[in-house]
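A.B. asks: One structure, pasted below without further comment.
The values are calculated or read from the model by the stated rules, or taken from the named source; none is laboratory data. Bear in mind the structure is a predicted one, so any value in this text is a computation, not a measurement. Glycine gets a Cβ as well: all are built from the backbone with ideal geometry, and neighbour counts include every protein chain shown. Only protein heavy atoms, including side chains, enter the accessible area calculation; ligands, DNA and RNA are left aside. Shrake-Rupley method; radii C 1.70, N 1.55, O 1.52, S 1.80 Å.
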Amino acid sequence: MDPLKNYIAGQWTDADSHGALDVENPATGEILARVPLSTAAETDRALAAARDAFPRWSDTPVSGRCELLFRFAELLRANAEVLTRQITEENGKSLADSRAEVKRALENTEVACGMSVLQQGDKLIGAAAGIDGEVLRLPIGPFGMIAPFNFPLMVPFWFFPYALAAGNTYVVKPSEQVPLSVHRVSGLIHEAGFPPGVFNLVHGDRRAAERLLEHPDLRGISFVGTSRVCRIVAARCAETNKRFQALGSAKNHLVAMPDAKMDEVIRNMITSCYGCAGQRCMASSAIVGVGEATYHEVCKRFVEASRRVPVADPLDPAVADEPMVMGPVISARSKQFILEMIQAGIDEGATLALDGRELVVPGCRQGHFLGPTVFTDVQPGMKIHQTEIFGPVVVILKAESLDEAIAIINNHPYGNGASIYTQNGHYARQFKLRTAAGMIGVNVGIPAPVASLPFGGMRSSLFADTKGQGKAAIRFFTEEKIITERYWSET
Ligand code: NAD
């Protein structure tokens, strides 16, 4: 099998590489492709293409840039089902989840198509006597993105449509575990007719990523992945004076109040915790029951509902149309880590109320499956509570009051998302204002904002001062230049 090609300067080219890795379907173990591990010299070629394309692209009127984005959006729509299947094949999430991912990618493209309004500057007449002030929002240069495995298609769309529409050029490095969806998207970019070098694709691992971080021609980078790597990205970008935004790890909490509508709550918790086998950055993996009775009811009903979650190859025709089906985790390595975390939970004294370790999916012996796994009697600070496990493992904690539940969340290192289930406006308001998480849900288990609103967490879940999507992306991808001007009278 020949390795995938890179897309550089408008051409598909063989990569100068350190070798290639297999890309595996995590449900079946089938090898789907080989991904090249591009060298620094190959990454430099992509950056040179982006640098050379920048003057002309940034000088193209915004209407011309958006005309191509509109065409690209049409191609995305026409290829939605092909992309959906591609995501499921390489990532293992259900077709329903992949479809939602394509939809959000398209939404971001559509929001970026509004750049002629979004990029407008400000003008202050009479800043001082005879002097006016003006704020311009200008494109900056080549930007880049380093992507994670869990949303192979959608995550790059939080950034690159905005970057291109604002007049910047781009280099994307997908996750080496799931390179195929962005590979297909690059074909659609080509078909839409973007000029050579405006968008470039470089496959590879951390070596290609590190080259992006250190290269002086790259003016800014969007990173999404673990907080461990976010710290590296932040330090490197400070050294090389690049803009950066680094969206990191998560442990999202769901708080159930005594007045919550329990039937709806349990259904909602199940999709939040087990969609994408618990590998969404907005997946919940910690539940807090407030009060003795609520805690016990949640434990009992959540465990019962977890037992009924179907686990299968998501491309099996018997389940392909199911809205809630759980596929495998991404790799053998990831499964091994999750198994170690389950053992850690047992060792530190939590109760393993549901054990998914022995689950077998018939016909999928090579797949990386685990069943839903639930720990009760979990104390804040236990390893299984502190660590992002990134699999179908849920911990349930008890709090005596809403204050205690908020304290559990705020004492946790991560602050990506958090949700409360209640019908009480006072509880909801307290939760919205006092919980230290970037995205808050009220009776919504996955509070992932739509494309026109900013996306990003707080504390160790976000290393940046600008989030993704919507207006936040416009701030990131434009330089505010401030003009102070006056003209003297000719007479
Ligand atoms: P990861 O950090 O292992 O890898 C992400 C990317 O970084 C990959 O492209 C990889 O090649 C590259 N990389 C790895 N080591 C690097 C290094 N030393 N220097 C530079 N680049 C390096 O993350 P992952 O396992 O692919 O993704 C899962 C993680 O992403 C989870 O922690 C999840 O919470 C997080 N995530 C967060 C959000 C969010 O919005 N906060 C969204 C999606 C995923």
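A.B. asks: In the chain, how does Rg compare with the Kirkwood Rh, expressed as the Rg/Rh ratio over alpha carbon atoms?
C.D. replies: 1.00
A.B. asks: Name the long-range amide H neighbours of ILE420: under 5 Å, sequence gap of 5 or more, or other chain; modelled H, no Pro or chain starts.
C.D. replies: Amide H neighbours of ILE420, under 5 Å, 5+ apart: VAL255, GLY441, VAL442, ASN443, VAL444.
A.B. asks: Run the simple label-point estimate for ASN410 and ALA320 please: 7 Å along Cα→C-beta, distance reported in nm.
C.D. replies: Here the modelled spin labels are 5.0 nm apart.
A.B. asks: What number, in percent, do you get for the relative contact order of the range 27-147 if the mean sequence gap of Cα pairs under 8 Å and at least 6 apart is divided by its residue count?
C.D. replies: Dividing the mean separation by the residue count of the range 27-147 yields 25 percent.
A.B. asks: Of LYS432, LYS471, LYS335, which has the most accessible area with a 1.4 Å probe, and how do the rest follow in descending order?
C.D. replies: If we order LYS432, LYS471, LYS335 from most to least accessible, we get LYS471, LYS432, LYS335.
A.B. asks: Something else about it: Probe radius 1.4 Å, ligands and nucleic acids ignored: give me the carbon and sulfur share of the accessible area of the chain as a rounded percent. Could you put the intermediate results ahead of the total?
C.D. replies: Values: 10220 of 19870 Å².
Ligands and nucleic acids excluded, carbon and sulfur reach 51 percent.
A.B. asks: Between LEU138 and GLU191, what is 0.36 nm times their sequence separation minus the Cα-Cα distance? Round to one decimal in nm.
C.D. replies: Here the segment from LEU138 to GLU191 would lengthen by 16.4 nm.
A.B. asks: Which loop GluC sites (Glu not before Pro) in the range 376-470, with loop taken from DSSP, have no more than 15 other Cβ atoms within 10 angstrom of their Cβ?
C.D. replies: Taking the range 376-470 and a limit of 15 other Cβ atoms within 10 Å, the loop GluC sites (Glu not before Pro) found are GLU400.
A.B. asks: What does a probe at ARG301 reach in the range 360-382, counting residues whose amide N is under 20 Å from the point 7 Å along Cα→Cβ?
C.D. replies: 373-378
A.B. asks: For the residue pair LYS481 and LYS383, what label-to-label distance in nm results when each label sits 7 Å from Cα along the Cα-to-beta-carbon direction?
C.D. replies: 5.5 nm
A.B. asks: Turning to a different aspect of this structure: Please calculate the 1.4 Å probe accessible area of CYS364, with all protein chains present, and give it to the nearest 10 Å².
C.D. replies: Counting only protein heavy atoms, the figure is 20 Å².
A.B. asks: Note down the accessible area of SER17, probe 1.4 Å, to the nearest 10 Å².
C.D. replies: Solvent-accessible area, nearest 10 Å²: 50 Å².
A.B. asks: Would you mind computing the Rg to Rh ratio of the range 115-271 from its alpha-carbon coordinates, Kirkwood style for Rh?
C.D. replies: 1.11
A.B. asks: I'd like the Karplus ³J(HN,Hα) series for the range 241-252: coefficients 6.51, -1.76, 1.60, θ = phi - 60°, whole numbers in Hz, and an x wherever there's a Gly or Pro.
C.D. replies: These are the phi-based 3J(HN,Hα) values: 6, 10, 5, 8, 9, 10, 9, x, 6, 8, 8, 8 Hz.
A.B. asks: With everything on Cα atoms, drop me the angle between helix 332-347 and the longest principal axis of the chain, reported from 0 to 90° to the nearest 10.
C.D. replies: 50 degrees
A.B. asks: What are the chymotrypsin sites (Phe, Trp or Tyr not before Pro) within the range 52-122 that DSSP puts in a loop, where the Cβ has at most 11 other Cβ atoms within 10 Å? If you can, show how the numbers build up before the last one.
C.D. replies: Values: sites: TRP57, PHE70, PHE72; in loops: none.
Here no loop site has a sparse enough neighbourhood.
A.B. asks: In square nanometres and to one decimal, what's the mean projected area of the convex hull around the Cα atoms of the range 252-442?
C.D. replies: 10.2 nm²
A.B. asks: Can you list the residues, at least 5 places off or on another chain, whose amide H is less than 5 Å from the amide H of ILE287, using H built in the peptide plane?
C.D. replies: HN-HN under 5 Å from ILE287: LEU254, VAL395, ILE396, LEU397.
A.B. asks: Per-residue accessible area for CYS66 at 1.4 Å probe radius, Å² rounded to 10?
C.D. replies: Counting only protein heavy atoms, CYS66 exposes about 10 Å² to solvent.
A.B. asks: Still on this structure, I have one more. Using heavy-atom solvent-accessible surface (probe 1.4 Å) with all chains present, what is the largest-first order of GLU490, GLU264, GLU24? Don't jump to the answer; show the numbers that get you there.
C.D. replies: Numbers: GLU490 180, GLU264 100, GLU24 55 Å².
Largest to smallest exposure gives the sequence GLU490, GLU264, GLU24.
A.B. asks: Just to make sure I understand: if all protein chains stay in place, what is the order of ASP313, ASP403 by accessible area at 1.4 Å, largest first?
C.D. replies: My answer, sorted largest first, is ASP403, ASP313.
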